[in-house]
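The values are calculated or read from the model by the stated rules, or taken from the named source; none is laboratory data. Please read all numbers here as calculations on a predicted model, not as lab measurements. Please note: Cβ atoms are built from the backbone with ideal geometry, for glycine as well, and neighbour counts cover all protein chains shown. Just the protein is used for accessible areas: all its heavy atoms, side chains included, with ligands, DNA and RNA removed. Shrake-Rupley method; radii C 1.70, N 1.55, O 1.52, S 1.80 Å.
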Amino acid sequence: MNSLNGTLSAAEVKALDAQLNGKTTQEVLAWTWDRFGGRAAIGTSFQGAGLAMIHLAKSSGLPFPVFTLDTGLLFPESVALKKRLEDFFGLAIESLTPDLTVEEQADINGPELWKSDPDLCCTIRKVMPLRDKLLDLDCWVTGLRRQQSEARADIGIIELYALEQDSGRDIVKINPMANWTREAVWDYIRQHRIPYNPLQDRGYGSIGCAPCTRRTKNGENERAGRWTGFNKVECGIHTFMPKKVDFQI
């Protein structure tokens, strides 16, 4: 165990990943709650997999806290969905907001930073608020799926990341939905009548900030509509921390 915050070692995570990869999503969520309790939280941007996962957790009686990132640049449909989901699930979803408003960011970095430096924009509006939140947790539960993109094809069910390298503070990341297909996710959402973003029905395969999201075309992966024109496939929240790997043979 990591004596600084009680999280797992890289060797323990490697062994657990092999075990959890064969478990159902409900079993992975139950293990996570048993291990971390309220020191684990679900982070969601209201994509389909996150909604299905919250429903699975609630249906299993697992009271995970839930949070989302409100960048100030979301589609109106995404903002409205938060209230609909809170009413449907009967829980409060915490909104994490940047220190700078969009206007303050423009004063410091110039207008429409997402057009000139989308990486910096994502860092200010998403990565930094998330990092502050993770400092209060031992485990971050996500809706990542391997099918989503090449960058996510090799994710584990459980992973370990260095949150603060200087202090040795680690964070465990759980991806219970890793093995789900997009089709299975949406079958589940329709079956259980879970509220979802209406932009999904208008050709948006993955929905982020409004200025940086377009409809996807037939044959494109579902995240192809993000940051068009830039060599960028991730906002940074899943890549800003170094992954800790056990190299023992």
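Can you compute the helix-only [θ] at 222 nm over the chain? Use -39500 (n - 2.57) per DSSP H run of at least 4 residues, normalise by all residues, nearest 500 deg cm²/dmol. Could the numbers behind the result be given before it?
On the way: 9 runs with 84 residues, N = 249.
Helix-only estimate at 222 nm: -9500 deg cm²/dmol.
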Residues of type lysines that Lys23 reaches as a straight line, Cα spacing below 30 Å, ignoring anything fewer than 8 places off in the same chain: Lys14, Lys58, Lys82, Lys133, Lys173, Lys243, Lys244
Of Gln105, Ala18, Gly38, farthest towards positive along the dipole that unit charges on Lys, Arg, Asp, Glu beta carbons give the chain: Ala18
Under 5 Å, built H, 5+ apart or other chain: amide partners of Leu74: Ala210
Other-chain or far-sequence residues with amide H under 5 Å of Leu160's (modelled H): Lys173, Lys244
In sequence order, calculated HN-Hα J values of the stretch 176-193 (Karplus, 6.51, -1.76, 1.60; Hz; x Gly/Pro): x, 9, 3, 8, 7, 8, 4, 4, 5, 4, 6, 4, 5, 4, 5, 4, 9, 6
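Which order do Tyr204, Tyr196 take when ranked by solvent-accessible area (1.4 Å probe, heavy atoms of all protein chains), largest first? Please report the intermediate quantities before stating the final value.
Details: Tyr204 30, Tyr196 60 Å².
If we order Tyr204, Tyr196 from most to least accessible, we get Tyr196, Tyr204.
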The stretch 69-213 - percent relative contact order, Cα under 8 Å, separation 6 or more: 26
Residue-by-residue Karplus 3J(HN,Hα) for the stretch 165-170, coefficients 6.51, -1.76, 1.60, Hz, glycine and proline x: 5, 5, 8, x, 6, 10
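Report the relative contact order of the chain, percent, no decimals, based on alpha-carbon pairs under 8 angstrom and at least 6 residues apart. Before the final figure, lay out the partial values.
Numbers: 402 pairs, mean separation 61.3, N = 249.
Value for the chain: 25 percent.
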Rg and Dmax of the chain, Cα atoms only, in Å: 17.7, 52
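By average Cβ neighbour count within 10 Å, what is the ranking of 82-93, 99-110 from highest down? Walk me through the numbers before you get to the answer.
On the way: 82-93: 14.6, 99-110: 13.0.
Per-residue Cβ counts within 10 Å, averaged per peptide and sorted highest first, yield 82-93, 99-110.
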Cα-only Debye scattering, the stretch 1-133: base-10 log of I(q)/I(0) at q = 0.09, 0.13, 0.19 Å⁻¹: -0.36, -0.71, -1.13
Potential extension, Glu27-Asp107 segment - 0.36 nm per residue separation minus Cα distance: 24.0 nm
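If you put +1 on each Lys and Arg Cβ and -1 on each Asp and Glu Cβ, how big is the dipole of the chain around its Cα centre, in Debye rounded to 20?
In debye, rounded to 20, the chain gives about 760.
Could you work out what % of the accessible surface of the stretch 53-160 is carbon and sulfur, using a 1.4 angstrom probe and leaving DNA, RNA and ligands out of the count?
Working: 2530 of 4870 Å².
Of the solvent-accessible surface of the stretch 53-160, carbon and sulfur hold 52 percent.
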